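Notes follow the structure.
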Amino acid sequence: MRFAFPAPLSLLSRVFVALVGGYATAAAYAAAMARWLPMDRTDAVTTGMIASFAIYAAIAVMAFAVRSAARAWIWLGVCGLPPALALYLSMRGGAA
C-alpha cells in the first residue's frame, strides 16, 4: 500500500518543497561551496552563490516533475544531505 497525500495537500506540499526546501538546499550548497572549494575565499563564495541559483531552479522543477509529493520530499532529502554533511564536518574541524 502506498502513501499518498490528498490532492490539495499534495499541491501545497510540492509548493513547500519547491519554495522553502529549494531555498534551504541552495543556501546549504552555497555555504558548503564557500567553505570547501579550493580557491580564494571571494571566488569560492561567488561560485557557490551562482551555483545556488541553478540548484534552486532544479529543486523547484523536481518538486513538480516527480510522480508524487512523497517522492519530492525524498529527493529533497537526498539532495540536501551532502551539503548538510559538509557543513557539519566543517563546523567540527574537518575544513581547511
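The values are calculated or read from the model by the stated rules, or taken from the named source; none is laboratory data. Here the structure is a predicted model, which is why all the values come from computation and not from measurement. For accessibility, only protein heavy atoms count, side chains too; no ligands or nucleic acids. Shrake-Rupley method; radii C 1.70, N 1.55, O 1.52, S 1.80 Å.
Data overview
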| quantity | calculated |
| --- | --- |
| The chain: calculated mean residue ellipticity at 222 nm from DSSP helix runs of at least 4, using -39500 (n - 2.57) | -26000 deg cm²/dmol |
| Estimated Rh, segment 20-93: Kirkwood, alpha-carbon pairs, angstrom | 12.7 Å |
| Accessible area (Å², 1.4 Å probe, nearest 10) - THR42 | 90 Å² |
